[in-house]
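Asker: One structure, pasted below without further comment.
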């Protein structure tokens with residue numbers, strides 16, 4: 001009996017570890033996708049941790065998201081984070097449609113796979129386009145811009161700091177300036193002194209940032225750009241899968257595993273955006 005048990009264990013081990021069969025009961029394709037997603041999660045985690053560390057180091061002069069991301073298409077009023085919230089909603093809804101596409105694949109319902117996957121692609125395109133629009137407004141900046149001193153200190157104009165107006169008990173003069181640490185400078189002599197030694201800057205790039213510390217713009221471009229690249233790559237992959245669905249490739253194969261693998265990737269980029277949205281825009 002003991003020899004039979006040993007033989008059975010050896011057969012089981014050779015079955016699972018001898019090659020050709022996944023030891024975790026899933027296909028090698030899904031396992032490799034999980035390995036990729038875990039490694040990518042470490043990359044995004046490192047970026048977010050680095051952002052948090054530098055933000056903590058420069059807390060006093062770090063820009064306030066409510067004063068930076070206030071634009072909304074065809075609206076001339078300040079709407080802090082409204083457009084970013086809409087982008088987030090679109091991406092989350094695209095994750096829902098991807099779930100429905102995967103479910104239809106499990107049922108081998110080729111028609112509904114195409115419908116829900118098509119809606120996922122539309123949501124992805126809308127998100128990427130919205131992010132490009134947000135980048136454009138971030139780069140061109142506000143109409144008046146800001147002032148930067150030879151020491152690199154950025155002084156903003158009151159109209160570009162709606163959060164200060166909301167929390168101020170008194171009206172802020174139009175000719176005042178907002179210091180790098182978000183304090184109102186209303187002494188006319190000091191305002192004129194700062195203007196005399198400063199030069200105007202407009203918008204944000206990798207060198208100057210009218211909204212405050214330049215590292216804020218650096219992290220914004222890199223983190224949202226890196227995530228946007230992932231979303232765009234997912235849209236391209238989904239397009240390839242979509243045309244395969246329309247041509248009946250997976251119906252002939254008898255399974256829709258490729259939908260499941262792309263679904264894992266799409267849910268990952270959605271989840272990453274939730275963390276980016278939370279730590280970059282809300283906290």
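Quick note: the coordinates plus some simple rules give every number you see, no bench work behind them. Given the structure is predicted, the values throughout are model-derived calculations rather than measurements. A quick note on method: Cβ atoms are made from the backbone with ideal geometry, for glycine too, and the neighbour counts reach across all protein chains shown.
Asker: Report the Stokes-Einstein translational diffusion coefficient (µm² s⁻¹, integer) for the chain, Rh taken as the Kirkwood radius over Cα pairs, at 20 °C with viscosity 1.002 mPa s.
Answerer: On the way: Rh = 22.2 Å.
D, rounded to a whole number, is 97 µm²/s.
Asker: For the chain, what is the calculated [θ] at 222 nm in deg cm²/dmol (nearest 500), taking -39500 (n - 2.57) for each run of four or more DSSP H residues and dividing by its residue count? All intermediate terms of the calculation are to be shown ahead of the outcome.
Answerer: Values: 10 runs with 180 residues, N = 283.
My calculation for the chain gives -21500 deg cm²/dmol from helical runs alone.
Asker: If I model a spin label at residue 279 and residue 37 as a point 7 Å from the Cα along the Cα→Cβ vector, what separation in nanometres do I get?
Answerer: 1.9
Asker: Let me ask something else about it. Which of these, 249, 75, 96, has the largest mean-square fluctuation under a Gaussian network model of the chain (Cα springs below 10 Å)?
Answerer: Evaluated over the chain, the most mobile residue of the options is 75.
Asker: Let me ask you something else. Taking only Cα atoms, what is the 0 to 90° angle, nearest 10, from helix 28-57's long axis to the longest principal axis of the chain?
Answerer: It is inclined by approximately 20 degrees.
Asker: Taking region 15-165 on its own, what percent of its Cα-Cα pair distances exceed 27 Å? Walk me through the numbers on the way to the answer.
Answerer: Working: 5598 of 11325 pairs.
Above the 27 Å cut-off, region 15-165 has 49 percent of its Cα pairs.
Asker: GNM, the chain, Cα, under 10 Å: largest mean-square fluctuation among 61, 207, 235?
Answerer: Ranking 61, 207, 235 by mean-square fluctuation puts 207 first.
Asker: With angles folded into 0 to 90 degrees, how steeply does helix 188-197 sit against the dominant principal axis of the chain? Use alpha carbons for both and round to 10.
Answerer: Between the helix axis and the principal axis of the chain, the angle is about 60 degrees.
Asker: Top mean-square fluctuation among 171, 146, 82, Gaussian network model of the chain, C-alpha springs under 10 Å?
Answerer: For the chain, modelled as a Gaussian network with Cα springs under 10 Å, the answer is 171.
Asker: Where does region 152-236 land on the Kirkwood hydrodynamic radius, alpha-carbon pairs, in angstrom?
Answerer: Working: mean 1/r = 0.0672 Å⁻¹.
Kirkwood radius, region 152-236: 14.9 Å.
Asker: Would you mind ranking 163, 46 by Cβ crowding within 10 Å, fewest neighbours first?
Answerer: Lowest count first: 46, 163.
Asker: Report the semi-axes of the equivalent ellipsoid for region 98-195 in whole Å, largest first, where each axis is √(5λ) for an eigenvalue λ of the Cα gyration tensor.
Answerer: Numbers: eigenvalues 524, 42, 19 Å².
Ellipsoid semi-axes (Å, largest first): 51, 15, 10.
Asker: Region 142-202: D in µm²/s via Stokes-Einstein (Kirkwood Rh, Cα pairs, 4 °C, 1.567 mPa s)? List each step's numbers first, then the result.
Answerer: On the way: Rh = 11.7 Å.
So the translational diffusion coefficient is about 110 µm²/s.
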